[in-house]
Amino acid sequence: QSGWTGVNERSFVAVKPDGVQRRLVGEIVRRFEKRGFKLVGLKLVQASEELLREHYWDLRNKPFFSSLIRYMSSGPVVVMVWQGLDVVKTARKMLGETNPADSLPGTVRGDFCVEVGRNVIHGSDSVASAQKEISLWFRQNELQLWESSSRNWIY
Ligand code: RTP
């Protein structure tokens, strides 16, 4: 996965179980497409607790860890890989703050939720985490490399 920087940078984005249950998948995909990013992977998954514990390993000592794992395994999640210039940083802006109460209108969390424990979406917080998360959730052959004709304008 290394070497994905610049226009080929990739981020891992997941619609959490509340987002899937609330039919927000299309709206979220739409926002990333319209921003100009390229979809290179997408699937609906019922995540195992083991996978989620690994995904949230850095938070293992937080008091909310077990409720986070329960929430994230309460239904399927839609996991995606988006590619494009500065996608990691831009995706975080599009998501809003971890706590929806701090998220500006216009962001996913600022538009669609109110509670930190039900905050609809995940996005990688760095290029290094994106690489780890993509390899944790996707097999290499589930990611598509495809070219569009107007590469100078959309990523
Ligand atoms: P995410 O990983 O889901 O994109 O969220 P994040 O980077 O914005 O926030 P992080 O601190 O990594 O927390 C991961 C997820 O844990 C839940 N959380 N609950 N009850 C609480 O105080 C609390 N704090 C965090 C949220 O679902 C958060 O997105």
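The values are calculated or read from the model by the stated rules, or taken from the named source; none is laboratory data. Nothing here was measured: the structure is a model prediction, and the numbers come from that model. Ideal geometry is used to build each Cβ from the backbone, glycine not excepted, and the neighbour counts take in all protein chains shown. Accessible surface is based on the protein model in full, side chains and every heavy atom, while ligands, DNA and RNA are left aside. Shrake-Rupley method; radii C 1.70, N 1.55, O 1.52, S 1.80 Å.
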- Note on the structure: Exception for D111 within (1) of a type outside the set (S, T, Y); (2) in contact with a strand residue (DSSP E or B) (Cβ under 8 Å, 6 or more places away or on another chain); (3) closer than 17 Å to F138 by Cβ falls at (3)
- Filtered residue count, the stretch 52-72, keeping only those that are within 18 Å of D18 (Cβ to Cβ) and touching a residue at least 12 places away in the same chain (Cβ under 8 Å): 9
- Within the stretch 80-139, the residues that are of a type in the set (D, E, K, R) and within 11 Å of the chain's Cα centre (by Cα) are R92, D125, E133
- Item | Residues within the stretch 1-19 that are over 13 Å from the mean Cα position of the chain (by Cα) and over 13 Å from W137 (Cβ atoms), tallied | 9
- Counting only strands (runs of 3 or more DSSP E) wholly inside the stretch 2-91, the ones holding at least 3 residues that are within 14 Å of the ligand (Cβ to nearest atom) and surrounded by 15 or more Cβ atoms within 10 Å (Cβ to Cβ) are 10-15, 77-83
- In the stretch 129-145, what residues are in contact with a strand residue (DSSP E or B) (Cβ under 7 Å, 6 or more places away or on another chain) and either modelled with pLDDT of 95 or more or closer than 15 Å to Y56 by Cβ (or both)? A130, E133, I134, W137, F138, E142, L143
- So, of the residues in the stretch 92-110 that are touching a residue at least 12 places away in the same chain (Cβ under 8 Å) and open to solvent by 70 Å² or more (accessible area, probe 1.4 Å), which turns out to be farthest from V7 (Cα to Cα)? A101
- Message: Quick check on my filter: what residues within the stretch 19-50 are charged (D, E, K, R) and touching a Ser or Thr at 6+ places or on another chain (Cβ under 8 Å)?
- Response: R35, K38, E49
- Task: Could you please find all residues in the stretch 118-128 being closer than 10 Å to V88 by Cα and either open to solvent by less than 20 Å² (accessible area, probe 1.4 Å) or touching a residue at least 40 places away in the same chain (Cβ under 8 Å) (or both)?
- Result: G123, S124, V127
